[in-house]
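Right, one structure below, let's go through it.
The values are calculated or read from the model by the stated rules, or taken from the named source; none is laboratory data. Please read these numbers as outputs of a predicted model, since none were measured by experiment. With ideal geometry, Cβ positions are generated from the backbone for all residues, glycine too; neighbour counts draw on all protein chains shown.
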Amino acid sequence: MKNIIKSVIAITLILNLSACCSDQNKNSMDKTPAIITENMDNTVVPGDDFFKYVNGSWMDSNEIPAEYSQFGAFTELYENNQEQLKSLVEEVSKNTDIAQGSVAQKIRDLYNSGMDTVSIEEAGINAIADELSEISNLSTIAEVQNYIAEMHRTGISPLFYVYAEADQENSSMTIANVYQGGLGLPDVDYYINDDESSTKLRADYKDHLKKMFILKGDDEENAQNEASVVIKIETELAKVSKSRLERRDPNANFNKMGVSELSDISPDFNWSSYFANLGLSSPGDINVAQPDFFAGVSKLMTNTSVEDWKVYLTWNILDSYASYLNSDIVNQNFEFYGKVLSGTQEIQPRWKRVLSNTSGRLGEAIGQLYVEKYFPAESKQRMLELVENLRISFADRIQNLDWMSEETKKKALEKLERITVKIGYPDVWKDYTALKIVPDNYAQNVRNSKEFEFKFDINKVGKPVDKNEWGMTPQTVNAYYNPSANEIVFPAAILQPPFFNKDADDAVNYGAIGVVIGHEMTHGFDDQGRKYDKEGNLNDWWTEEDAILFEKKTALLVEQYNNYKVLDTLNVDGNLTLGENIADVGGLNIAYSALQKSYNGSNPAAIDGLSSDQRFFIGYAQVWRQNIRDKELMRRLKVDVHSPGDARVNIPPFNLDVFVNAFDVKEDNELFIPVSSRANIW
Ligand SMILES: [Zn+2]
């Protein structure tokens, strides 16, 4: 359940969806209304709870399905996509007349091997017998370290992550990066906090570890001890790790050095032989994202016995393959990561799990089929026009900012001008030729795919950045800004209602996809993005006074979110979510200006009794409709840099005078923000 956390590569619109979906099937040929007025709750005063005013009736009539931890507009689209992908993949999966080695053969055999529960149950834990026996044969710390490299090479990440990424100071070249990791719980906080819920979660995690070792074949007493060993090692790693907030500072997490310097910091880990084992005998400069962490890893190497390391590595193998093994292991994995951590009640049906895995591992192969069938060419053209309208409005707004000097404005405008736009799908598709997929061994296919991905990634080290590459598949319902490429990217799957609706009036489309575009553009100028120049290099282009004024303004925004209550005793973390919140307010301002420009002085008539201004903000708010389980909300407040859906609707618009006027928000309304505390930065 570990995700690669690339330091800054993609600043996304939402946390990526991993699991979801009920069985409803939507007819994509139907016209979707621009605003679904039945979803609104007119008994709620917009100024008291704008989220409920727009989405209240939808929330009341959409209970979260058992297999979800949250359900909203994004999950509805994801679900619709699953149905579309299913029909594509099932067609391929029944085809017996396919050339060996073709992309279709790989899709077919990967999917079918995942659906072949007879073979999977029969193999049981033996599917990972080779790895388990290799670990049990380790007898020295040097062998342990060699095996850590072997695991990394096969896409499993004990202790830390290693990956290729653009050099933050020379963004046209790729370098190797090492980044803290090695934890089974979602974040550092879970190991360190002493509150009741953290303590309870640690106990539940320990229980999960024990059960997994028993399912591997160990007896109860051993399993109990092994669980303690894993917790001990992970707690030590957590103690030397940086918090999620500390990891948001791009400068602090960029420390370029050679292998010898890394070896000075971290002397008891053999870094030269580690990189050689990865196939990188001369890795060149490496970004050591958190030097203190790697100093800690080195100490841990000497303080921890070989036997304990073997337990920890065994756990990493089990955890990494848990979703692909026999049902007892799959279900135990879901018990903890699905139920305990996120409150999800039921595991998804098998076809959905196997489909997501197939769609992830052969992402661009399936993406190619997906866009051929479901992505209309005219969507791309319309999006390009929208993006350019937004860019012009953003430029106007920068020119008119009352707080920024001409000197910084000039640099900001240059950076805006240089933003690259990617829409729909990549121009060059990924080549899967070197990936071998067999008909009847799911775990082997996962292993081959992990190894293929690692090799693909690490081969980039020392080479120029491939500008054609995408960080998301076309079938992903999300969008991102990549600071080191200074680019915004919108996969095909987000270009559907309620984000992008060809039948909707401009006010609603600018409020939805327009704000998404503005949001991604603003990421180039949020508290992290502003530290990169037009070329995507970490390079301060701000005058000192402008930087101070920027921080004063963002402090207002931090305060607004810190004061927003989510559950009884929990508030949003205004510092952790700052970049996203700047992007939401910026997105609204830029998209609203672009909409006004498109009217060219004319005054559009009201529709359904709602003015153009009102429709813009309702178009925005309905994108964020959502119900979420308490456990999932608690987890996200800790790990997600995005604010919860209701906060994304109940705070940003209240900074805009046009919103306050459109909905007649008064001082005594719950969500009113006094003029002096409003934070319209961009
Ligand atoms: Zn974002």
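Step by step: first the residues of region 632-648, then only those that are within 16 Å of the ligand (Cβ to nearest atom) and of a type in the set (Lys, Arg), then the one that is surrounded by the fewest Cβ atoms within 10 Å (Cβ to Cβ). Which residue is that? Spell out the reasoning first.
Residues of region 632-648 within 16 Å of the ligand (Cβ to nearest atom): 636, 639-645, 647-648.
Subsequent filtering for residues that are of a type in the set (Lys, Arg) retains 636, 648.
On the way: 636: 20, 648: 25.
Filtering first and then ranking leaves 636.
Are there helices (runs of 4 or more DSSP H) fully within region 505-565 with at least 1 residues that are among the β-branched types (Val, Ile, Thr) and crowded, with 24+ Cβ neighbours inside 10 Å? List them. If you could, list the steps in order and put the result at the bottom.
Details: elements: 506-509, 515-523, 544-562.
In region 505-565, 506-509, 515-523 are the helices (runs of 4 or more DSSP H) which contain 1 or more residues that are among the β-branched types (Val, Ile, Thr) and crowded, with 24+ Cβ neighbours inside 10 Å.
Quick one: is residue 308 part of a helix (DSSP H, G or I) and either more than 23 Å from the chain's Cα centre (by Cα) or at positive phi (or both)?
Values: part of a helix (DSSP H, G or I): yes; either more than 23 Å from the chain's Cα centre (by Cα) or at positive phi (or both): yes.
Considered against the rule, which asks whether it is part of a helix (DSSP H, G or I) and either more than 23 Å from the chain's Cα centre (by Cα) or at positive phi (or both), residue 308 comes out as yes.
Being over 30 Å from residue 450 (Cα atoms) and not charged (D, E, K, R): is that true of residue 365 here? Before you say what the answer is, go through the steps one by one.
Numbers: over 30 Å from residue 450 (Cα atoms): no; not charged (D, E, K, R): yes.
Judged against the criteria, residue 365 is not a match.
Output the residues belonging to region 598-650 that are in a helix (DSSP H, G or I) and of a type in the set (Val, Ile, Thr). Let's see the steps before the verdict.
Of all residues in region 598-650, those in a helix (DSSP H, G or I) come to 598-599, 612-623, 630-639, 645-650.
618, 623, 639, 649 - these are the residues of region 598-650 that are in a helix (DSSP H, G or I) and of a type in the set (Val, Ile, Thr).
Quick check, is residue 615 charged (D, E, K, R), buried (at least 21 other Cβ atoms within 10 Å of the Cβ) and away from the ligand (no atom under 16 Å from the Cβ)? Spell out the reasoning first.
Working: charged (D, E, K, R): yes; buried (at least 21 other Cβ atoms within 10 Å of the Cβ): yes; away from the ligand (no atom under 16 Å from the Cβ): yes.
Yes; evaluated as a whole, the condition is true for this residue.
Name the single residue that is farthest from residue 318 (Cα to Cα) among those in region 133-148 being surrounded by fewer than 18 Cβ atoms within 10 Å (Cβ to Cβ) and not β-branched (Val, Ile, Thr). Spell out how you get there, then give the answer.
Filtering region 133-148 down to residues surrounded by fewer than 18 Cβ atoms within 10 Å (Cβ to Cβ) leaves 133-134, 136-137, 139-143, 146.
Checking which are not β-branched (Val, Ile, Thr) leaves us with 133-134, 136-137, 139, 142-143, 146.
On the way: 133: 13, 134: 14, 136: 14, 137: 17, 139: 20, 142: 22, 143: 20, 146: 19 Å.
Here the answer is 142.
Report, by residue number, each residue of region 98-152 that is β-branched (Val, Ile, Thr) and part of a loop (DSSP other than H, G, I, E, B). Reasoning before the result, please.
Here is the first cut: in region 98-152, the ones β-branched (Val, Ile, Thr) are 98, 103, 107, 117-118, 120, 125, 128, 135, 140-141, 144, 148.
Those that are β-branched (Val, Ile, Thr) and part of a loop (DSSP other than H, G, I, E, B): 98, 140.
Name the residue, out of 214, 192, that is over 30 Å from residue 487 (Cα atoms), aliphatic (A, V, I, L, M) and free of Cβ contacts under 8 Å to residues at least 12 places away in the same chain. Give the derivation first.
Details: 192 fails: free of Cβ contacts under 8 Å to residues at least 12 places away in the same chain.
Only one candidate qualifies: 214.
Inside region 69-96, can you point out the residues that are closer than 27 Å to residue 653 by Cβ and not small (Gly, Ala, Ser)?
Selection gives 70, 71, 74, 75, 76, 77, 78.
Which residue out of 625, 629 is surrounded by fewer than 23 Cβ atoms within 10 Å (Cβ to Cβ) and more than 16 Å from the ligand (Cβ to nearest atom)? Show your work before the answer.
Details: 625 fails: surrounded by fewer than 23 Cβ atoms within 10 Å (Cβ to Cβ).
Going through 625, 629 in turn, just one is surrounded by fewer than 23 Cβ atoms within 10 Å (Cβ to Cβ) and more than 16 Å from the ligand (Cβ to nearest atom): 629.
Starting from residues that are among the hydroxyl-bearing types (Ser, Thr, Tyr) and part of a helix (DSSP H, G or I), keep the ones in region 201-257 and report whichever is farthest from residue 127 (Cα to Cα). Can you show your working first?
Just the residues of region 201-257 that are among the hydroxyl-bearing types (Ser, Thr, Tyr), to begin with: 205, 228, 235, 241, 243.
Going one step further and asking which of them are part of a helix (DSSP H, G or I), we end up with 205, 228, 235.
Values: 205: 24, 228: 26, 235: 29 Å.
Ranking the qualifying residues of region 201-257, first place goes to 235.
Which residue out of 15, 77 is at pLDDT below 95 and either within 16 Å of the ligand (Cβ to nearest atom) or aromatic (Phe, Trp, Tyr) (or both)?
Details: 77 fails: either within 16 Å of the ligand (Cβ to nearest atom) or aromatic (Phe, Trp, Tyr) (or both).
Just a single option satisfies the conditions, and that option is 15.
Does region 220-232 contain any residue that is at pLDDT below 95 and over 30 Å from residue 446 (Cα atoms)?
So the first thing to find is which residues in region 220-232 are at pLDDT below 95, and the list is none.
Checked region 220-232: no residue is at pLDDT below 95 and over 30 Å from residue 446 (Cα atoms).
Answer with yes or no whether residue 454 is more than 16 Å from the ligand (Cβ to nearest atom) and in contact with a His (Cβ under 8 Å, 6 or more places away or on another chain). It would help to see each step written out before you state the result.
Working: more than 16 Å from the ligand (Cβ to nearest atom): yes; in contact with a His (Cβ under 8 Å, 6 or more places away or on another chain): yes.
When the stated conditions are applied, residue 454 passes them.
Could you tell me whether any residue of region 583-590 is of a type outside the set (Gly, Ala, Ser) and either away from the ligand (no atom under 16 Å from the Cβ) or farther than 18 Å from residue 659 by Cα (or both)? Don't jump to the end; show me each part of the working.
Within region 583-590, the first condition is being of a type outside the set (Gly, Ala, Ser), and the residues that meet it are 584-585, 588-590.
Those left that are additionally either away from the ligand (no atom under 16 Å from the Cβ) or farther than 18 Å from residue 659 by Cα (or both): none.
Scanning region 583-590 turns up no residue that is of a type outside the set (Gly, Ala, Ser) and either away from the ligand (no atom under 16 Å from the Cβ) or farther than 18 Å from residue 659 by Cα (or both).
Can you confirm whether residue 596 is more than 16 Å from the ligand (Cβ to nearest atom), surrounded by 14 or more Cβ atoms within 10 Å (Cβ to Cβ) and without any contact (Cβ under 8 Å) to a residue 24 or more places away in the chain? If you could, list the steps in order and put the result at the bottom.
Values: more than 16 Å from the ligand (Cβ to nearest atom): yes; surrounded by 14 or more Cβ atoms within 10 Å (Cβ to Cβ): yes; without any contact (Cβ under 8 Å) to a residue 24 or more places away in the chain: yes.
Answer is yes for this residue.
Which one is farthest from residue 168 (Cα to Cα) among residues in region 506-560 that are among the small types (Gly, Ala, Ser) and within 16 Å of the ligand (Cβ to nearest atom)? Give the steps one after another, and end with the answer.
From region 506-560, those among the small types (Gly, Ala, Ser) are 507, 511-512, 514, 518, 524, 529, 536, 547, 555; that's our starting set.
Those still in the list that are within 16 Å of the ligand (Cβ to nearest atom) too: 512, 514, 518, 524, 529.
Working: 512: 32, 514: 29, 518: 24, 524: 14, 529: 12 Å.
Per the criteria, the residue is 512.
Give the residue that is surrounded by the fewest Cβ atoms within 10 Å (Cβ to Cβ), with candidates limited to residues of region 484-504 that are in contact with a helix residue (DSSP H, G or I) (Cβ under 7 Å, 6 or more places away or on another chain) and under 22 Å from residue 418 (Cβ atoms).
Within region 484-504, the match that is surrounded by the fewest Cβ atoms within 10 Å (Cβ to Cβ) is 486.
How many residues, within region 477-505, are closer than 15 Å to residue 36 by Cα and within 16 Å of the ligand (Cβ to nearest atom)?
Number satisfying all stated conditions: 1.
Please report, ordered by residue number, the helices (runs of 4 or more DSSP H) entirely within region 323-432 with at least 1 residues that are of a type in the set (Val, Ile, Thr), over 19 Å from residue 593 (Cβ atoms) and under 24 Å from the mean Cα position of the chain (by Cα).
Answer list for region 323-432: 327-334, 350-361, 363-374.
How many residues are closer than 15 Å to residue 589 by Cβ and within 16 Å of the ligand (Cβ to nearest atom) if we restrict to region 649-682?
Start the filter on region 649-682 by keeping residues that are closer than 15 Å to residue 589 by Cβ, which leaves 651-662, 673, 678-682.
Going one step further and asking which of them are within 16 Å of the ligand (Cβ to nearest atom), we end up with 651-652, 681-682.
Total meeting the criteria: 4.
May I ask you to verify whether residue 277 is in contact with a helix residue (DSSP H, G or I) (Cβ under 8 Å, 6 or more places away or on another chain) and at pLDDT 95 or above?
yes
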